[in-house]
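Read through the structure below, which is laid out as structure tokens, and then see the notes.
The values are calculated or read from the model by the stated rules, or taken from the named source; none is laboratory data. These numbers come from a predicted model, not from an experiment. Here the Cβ is made from the backbone with ideal geometry for all residues, glycine too, and neighbour counts use every protein chain on show.
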Amino acid sequence: MEVKTFDENGYHIIAVYGDVDASSSLQLDNVLQEAVDNQKQKILVDCTHLEYISSPGIGVFTSRLEDCEKGLIRIALYGMNENTLKVFKILGLDQLELMPIVDTKEEAKSRINDLQEDR
Amino acid sequence: MIKRYATASAIVSWLLLVFLGMVKQYHSTQPLLAPSLPDFLNGLFLNAFLLSVYLFAFRKLAEMEDDFSVLLWRVFVLAMVSTIVSGLLSLYLYFAGKDDQPWELYLRTLFYHIEFGLLAVFLIYIFTTFKKLILFEANTWVHHLWLVFEVALFLILVGHFFSDAYYEKYFRLPLGVLAIVILILSVNVRWIPYLQFNQKLQSVFQLAVVLFCLVYFTANTYSFLAQGEFAKYRLFDSYYIYILLVFSFIYAVVSILFLLFNLPTSSEFERKFREVDLFQRLSDSILESRSEHEVYSILLESSFVLVKGDAAWLEANDGEILICKNIEENQVNELREALYKEGYDNQETKKVTFKKFLKSRKKGEFRSVLAAPMITDRKLIGHLILLKNQQSGFSHKAMSTINTFMAQASITIHNFKLLNQLVDNQRLQNELQIAKGVQNRLLPEGTLSNGHFEIFAKSQPATEVGGDYYDFFKISEKKYAVIIADVAGKGISAAFNMAQMKGIFQTLVRMNLNPDQFLVYANAALSNCLERTAFITASYYYIDAEYHKVYFSRAGHCPTLYYSKATDTVKFFENKGLGLGIIRNDSYANYVEYDIFEYREGDIMLLYTDGLIESKNKVTGEQFGFDRLKVFLEAHHHLPLEEIYQTLLAQAYQFSGETYIDDDYTLLLIKF
């Protein structure tokens, strides 16, 4: 797994490449923690190049739901391939308003902004 | 056995020699009456005697160990005994043998033979003993030379059969050449270094006594030969005896000289032996699985003895003092400072010797120090510091000895650590095996049939323990609950959560809840105890066998595959749901629902975990996936449940191309 992070017009983008297994999920968690620590409020996770994600990898995102609920951060995931999306859907994560899973970056941005307006 | 024959033959041949002597004696006084015996009998009896003695001595020594001081001790005892006996005989002749009795000459003849027998036995025993000494660790060249020597001696024996004239003419071997051979053989004294100091002194004494006996015998023999009063024939004056005498004499002298020269070096040898012994002790200490501290202690004590130090300490890399000997800890700090000031480089140099590093003239101050880093596995783990009161107390030799010793100690400590790790690993492994056993008892395995439906279930963790869980419970006569769950992740932490899930199921199932309520309660219970990133997926089935109805809810778990006999179709139950522990508050209830269906006899439910679905093809990386599973059940629903399980597993392995699946996987089949 490889992770690239960069800021783009006020959005913090985390691009995940390759496979997220049990051990690399720790690394991914650190990246997210860093973003939270640096008060990156709008986080977009680019899953375009995400090949496979294990359950502990998904746990990295779901564990941030509490922070989302408290309004500390907003996270949206986008660009998942079919398999990955299916895994998220089976888990029921597509139902969660707090952590939108969408197709494109633009959609992700707008969903995050919608969330902001809700508050 | 051979020894016994040899002894008997030696005694018999000696008696025959005595008889021969007596006859000759009689013959000399009564030349006309006595029968004349053929000359070759001389040689026959003599050779038989000599060879028998040789054979005896040879066998006797072959049985004995190469313990040189014992070998020499035996020669010494034999020399003493034969000399004393011979001396007593001479004394008797000197005091009592003055009368000119007719039997007097016969007595002398008997004594003459006894003397000869003693000398021959003594010489031959020395010969065989020295042979053993000379050939000890000798090269083949020396072995060959020895063979030449023995062949020459044998040739002389052959000469005994002939008359004196022939003997003198043809069997007078070049004594000069033999003397050279003997000299060359005599420098083979490799046994000497193996003796300890006091053993060497003892050997010198013993050999000196043997030399004295040899001289005595030679003198005695000549005095006998000089007495012309009784008939003589060739016994003592055989070249064989001469050569043995010369050989024994030379080798004894050479050995004494070598022993004397070697005396000063013996202590060095003994020191080396002690070092080896200490090395051995250090290595042994780990085998007796002592503590690391004890290994250090042996290292310090051994080094201390090796260099005859006055004080020493051993410290770990971080400066923690492990052991002190004859020194206080506060003194250590002071000395350590001085040591580093003098340039002790604990990183690279293996050893630095300091001379007069403390200028103080006070008594009892340490004036020389030897510091050695202890490096195992390329990591510095500590230092050994040895101290002495006198200046320049440590020689180069001591330094190199300590160097070797440290290397050995480092290996020992490294091995010790490895051994400890191994023991720890083994302990963990054992505990994992116990955990595996415990987990197995949490999962009801195998086939179960209750008249309403049949269940087959099996779970296989990727490592010893896993996070997959399934269970079934009979709520009442016709009501049953079935659950399958999968903890995110695998290994120990997953196993703990799995056990947790079992507790929750066994508690909630008795409350007769709707499946969605069950999940809400389970989520609430898990919210408090799951670690932040963990969650659990589950499917809960409530089977009412009375009305042939199934109520079920899905908490993010892989959708159950269902075969309907009536329509002969296979489909997934994809109802709404969310994994347990993802939302950790009351709003979780919004994300789950429950569904109902009616079953018919022959319908099959296939519950599973994602380990199976996500097993990947080794080459393409493609996942087994849901579609393959569906196609599989369409094709194999007619099989007995266990066979469905076996076939599916075989297909999954075949698909992945591996011999194992790198995740926990579980299958639970229900046939109505």
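Tabulated data
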item: Within region A:69-81, considering residues that are within 13 Å of chain B (Cβ to nearest Cβ) and assigned to a loop (DSSP other than H, G, I, E, B), the one surrounded by the most Cβ atoms within 10 Å (Cβ to Cβ); result: A:81
item: Neighbours by Cβ (under 6 Å, 6+ apart or cross-chain): first from region B:381-394, within 20 Å of residue B:323 (Cβ to Cβ) and modelled with pLDDT under 80; second in a strand (DSSP E or B) and not polar (S, T, N, Q); result: B:394/B:370
item: Subset of region B:589-608 (residues that are buried (at least 20 other Cβ atoms within 10 Å of the Cβ) and facing chain A (nearest Cβ under 10 Å)); result: B:591, B:592
item: Residue that is more than 27 Å from residue B:277 (Cα to Cα) and not aliphatic (A, V, I, L, M), where the choices are B:326, B:330; result: B:330
item: Given (1) modelled with pLDDT under 85; (2) among the hydroxyl-bearing types (Ser, Thr, Tyr); (3) crowded, with 19+ Cβ neighbours inside 10 Å, index of the condition residue B:29 fails; result: (3)
item: Members of region B:450-489 found to be of a type in the set (S, T, N, Q) and in contact (Cβ under 8 Å) with a residue 24 or more places away in the chain, listed by number; result: B:450, B:459, B:460, B:463
item: Condition broken by residue A:61, with the remaining ones in (1) part of a strand (DSSP E or B); (2) within 12 Å of chain B (Cβ to nearest Cβ); (3) modelled with pLDDT of 90 or more satisfied; result: (1)
item: Among the candidates A:27, A:41, residue that is surrounded by fewer than 20 Cβ atoms within 10 Å (Cβ to Cβ), polar (S, T, N, Q) and within 14 Å of another protein chain (Cβ to nearest Cβ); result: A:27
item: Neighbours by Cβ (under 8 Å, 6+ apart or cross-chain): first from region B:138-153, farther than 22 Å from residue B:51 by Cβ; second at pLDDT 90 or above and assigned to a loop (DSSP other than H, G, I, E, B); result: none
item: Matching residues in region B:163-177 - criterion: being in a loop (DSSP other than H, G, I, E, B) and loosely packed, with under 13 Cβ neighbours inside 10 Å; result: B:172, B:174
item: Region B:490-506 residues that are within 14 Å of another protein chain (Cβ to nearest Cβ) and farther than 13 Å from residue B:529 by Cα, paired with ones that are surrounded by fewer than 18 Cβ atoms within 10 Å (Cβ to Cβ) and of a type outside the set (Gly, Ala, Ser) (beta carbon under 6 Å, 6 or more apart); result: B:491/B:463
item: Leading residue by the ranking (farthest from residue B:581 (Cα to Cα)) among those in region A:10-24 that are within 14 Å of the chain's Cα centre (by Cα) and away from every other protein chain (no Cβ under 13 Å); result: A:11
item: Subset tally (residues that are over 51 Å from the mean Cα position of the chain (by Cα) and under 21 Å from residue B:483 (Cα atoms)) for region B:609-629; result: 2
item: Qualifying positions in region A:82-116 - away from every other protein chain (no Cβ under 14 Å) and not in a helix (DSSP H, G or I); result: A:100, A:102, A:103, A:104
item: Lone unmet requirement of (1) in the same structural domain as residue B:548 (by TED's automatic domain parsing); (2) farther than 25 Å from residue B:640 by Cβ for residue B:430; result: (1)
item: Close pairs from region B:517-546: first within 13 Å of another protein chain (Cβ to nearest Cβ) and more than 18 Å from residue B:494 (Cβ to Cβ), partner charged (D, E, K, R) and surrounded by 22 or more Cβ atoms within 10 Å (Cβ to Cβ), Cβ under 9 Å, at least 6 apart; result: B:519/B:554
item: Wholly enclosed strands (runs of 3 or more DSSP E) of region B:433-526 bearing at least 1 residues crowded, with 18+ Cβ neighbours inside 10 Å and in the same structural domain as residue B:550 (by TED's automatic domain parsing); result: B:454-460, B:468-476, B:479-487
item: Any hit, region B:563-581, residues being closer than 21 Å to residue B:520 by Cβ, more than 11 Å from every other protein chain (Cβ to nearest Cβ) and in a strand (DSSP E or B); result: no
item: Some residue of region B:566-588 being within 19 Å of residue B:468 (Cβ to Cβ), buried (at least 21 other Cβ atoms within 10 Å of the Cβ), in contact (Cβ under 8 Å) with a residue 24 or more places away in the chain and more than 60 Å from the chain's Cα centre (by Cα); result: yes
item: Any hit, region A:9-24, residues being touching a His at 6+ places or on another chain (Cβ under 8 Å), within 23 Å of residue B:592 (Cβ to Cβ) and crowded, with 16+ Cβ neighbours inside 10 Å; result: no
